[in-house]
Amino acid sequence: MKPNLKVKIGKLELKNPIMVASGTFGYGEEFHKNFYDISKLGAVVTKGISLKPRLGNKTPRVAETASGMLNSIGLQNVGLRAFITEKLPFLQRVHATTIVNILGEKIEDYVELAQTLDEEPGVHAIELNISCPNVKAGGVQFGTDPKLAAKVTSSVKKKIKKPLIVKLSPNYHDMPLMAKHVVDAGADALSIMNTITGMAIDAEKRRPVLANVFGGLSGPAIKPIALRMVCQVYMASKKQRPIVGIGGIMNITDVVEFLLAGSSAVQIGTANFINPTIAADLVDQLEQYMIDHDIADIKELTGGLIV
Ligand SMILES: Cc1cc2nc3c(=O)[nH]c(=O)nc-3n(C[C@H](O)[C@H](O)[C@H](O)COP(=O)(O)O)c2cc1C
């Protein structure tokens with residue numbers, strides 16, 4: 001019998017738990033045209049969208065590191081209007097389940113973005129990227145202050161009907177505490193995690209490799225940290241909300257590890273740059289894994305870790 005791969009994120013039912021991570025898949029068009037039918041994925045999470053278009057940081061803004069990469073793209077994106085008129089119609093036409101990742105400099109930005117996107121039939125859920133500096137609070141990141149993270153979550157939640165996913169930053173030390181604040185504030189699900197701040201140095205030039213000096217580390221190097229954070233939040237949560245595990249997933253074993261640690265779904269990020277068909281391949285491989293291991297429903301894997 002065909003195993004059941006369906007998972008629920010709030011009211012949204014995904015056909016499978018494999019999504020692609022924000023910023024590693026553009027707006028889906030190139031992947032659909034060149035590689036595979038992106039409606040096969042549980043969901044496409046778009047590049048982070050801001051109210052106005054952003055050009056991003058100066059180059060070089062990516063660097064390869066041992067078992068990972070650093071990026072300081074600076075949240076380059078087309079902005080809300082162009083996203084709705086130029087990018088969303090394509091995603092809708094190809095029947096992609098679309099989660100829009102949003103970012104702001106103040107709470108009002110997040111609310112305006114979320115409210116506008118909530119009205120769009122092609123948008124199925126919203127993911128808040130709270131790893132952004134809050135201009136009003138002197139540049140402190142929303143995601144490194146539980147009270148601020150809760151405030152932005154509740155402000156958005158009040159104004160939208162679609163499921164709200166909050167993407168947590170590993171740059172805050174107490175993930176269960178952060179998760180509690182955000183869930184109590186109304187998050188329907190949590191994405192764990194965003195990149196970890198790092199840097200690379202060119203010793204010959206005695207200069208940082210990235211023009212921005214610091215950047216976000218992703219890829220297999222961060223997987224053990226992401227697994228730990230997913231597991232900690234899953235075990236500590238009294239009010240369980242689905243966790244979307246993210247960080248260095250490269251193959252089917254990694255997917256299963258994240259599910260066992262407590263994830264209901266996963267996102268594939270850096271791996272898309274190495275193998276552009278990886279996320280679609282993982283959908284097939286996950287189904288085969290379940291058949292081989294006699295697992296009828298994907299939910300049997302979530303939190304199945306024996307400790
Ligand atoms: C080039 C690049 C751009 C990214 N842009 C965003 C973004 O716009 N919004 C966001 O929430 N996360 C962004 N991320 C973080 C990823 O979505 C993901 O959380 C992170 O890369 C960890 O997963 P991975 O190790 O599988 O890549 C970006 C990551 C990379 C590598």
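The values are calculated or read from the model by the stated rules, or taken from the named source; none is laboratory data. As the structure is a prediction and not an experimental result, all values here were calculated from the model. Methodologically, a virtual Cβ is constructed for each residue, glycine included, from the backbone with ideal geometry; neighbour enumeration extends over all protein chains shown.
Summary table below
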quantity: Where a residue in segment 207-235 is touching a residue at least 12 places away in the same chain (Cβ under 8 Å) and at positive phi and its partner, wherever it lies, is buried (at least 18 other Cβ atoms within 10 Å of the Cβ) and part of a strand (DSSP E or B), with Cβ under 7 Å and at least six apart; calculated: G219/G68; G219/M69
quantity: Sole residue being surrounded by fewer than 24 Cβ atoms within 10 Å (Cβ to Cβ) and among the aromatic types (F, W, Y), chosen from Y110, Y172; calculated: Y172
quantity: Residue that is surrounded by the fewest Cβ atoms within 10 Å (Cβ to Cβ), among those in segment 114-140 that are under 17 Å from the mean Cα position of the chain (by Cα) and of a type outside the set (G, A, S); calculated: H124
quantity: Boolean, I9 is over 17 Å from I246 (Cα atoms) and crowded, with 19+ Cβ neighbours inside 10 Å; calculated: no
quantity: Residues of segment 141-168 that turn out to be among the small types (G, A, S), at pLDDT 95 or above and within 17 Å of the chain's Cα centre (by Cα), as a count; calculated: 1
quantity: Qualifying position, being surrounded by 15 or more Cβ atoms within 10 Å (Cβ to Cβ), away from the ligand (no atom under 12 Å from the Cβ) and under 22 Å from P176 (Cβ atoms), among V233, V209; calculated: V233
quantity: Search result, residues across segment 192-206 that are buried (at least 17 other Cβ atoms within 10 Å of the Cβ) and either closer than 20 Å to K58 by Cα or more than 7 Å from the ligand (Cβ to nearest atom) (or both); calculated: I192, T195, I196, G198, A200
quantity: Test: I274 is within 12 Å of the ligand (Cβ to nearest atom), in contact (Cβ under 8 Å) with a residue 12 or more places away in the chain, within 19 Å of L168 (Cβ to Cβ) and aliphatic (A, V, I, L, M); calculated: no
quantity: All positions within segment 252-307 that are surrounded by fewer than 16 Cβ atoms within 10 Å (Cβ to Cβ) and of a type in the set (S, T, N, Q); calculated: T253, N275, T277, Q288
quantity: Residue check for A280: within 13 Å of the ligand (Cβ to nearest atom) and at pLDDT 95 or above; calculated: no
quantity: For P60: the one exception among (1) surrounded by fewer than 20 Cβ atoms within 10 Å (Cβ to Cβ); (2) touching an Asp or Glu at 6+ places or on another chain (Cβ under 8 Å); calculated: (2)
quantity: Helices (runs of 4 or more DSSP H) within segment 213-296 that include 2 or more residues of a type outside the set (V, I, T) and under 21 Å from L128 (Cα atoms); calculated: 223-236
quantity: G215, sole failed condition from (1) surrounded by fewer than 22 Cβ atoms within 10 Å (Cβ to Cβ); (2) within 12 Å of the ligand (Cβ to nearest atom); (3) farther than 22 Å from K40 by Cα; calculated: (1)
quantity: Residues within segment 58-88 that are in contact with a Gly (Cβ under 7 Å, 6 or more places away or on another chain) and more than 30 Å from I201 (Cα to Cα), tallied; calculated: 1
quantity: Boolean, A187 is outside any strand (DSSP E or B), within 16 Å of the ligand (Cβ to nearest atom) and surrounded by fewer than 17 Cβ atoms within 10 Å (Cβ to Cβ); calculated: no
quantity: Filter result for H173 (assigned to a helix (DSSP H, G or I), over 28 Å from Y36 (Cα atoms) and without any contact (Cβ under 8 Å) to a residue 60 or more places away in the chain); calculated: no
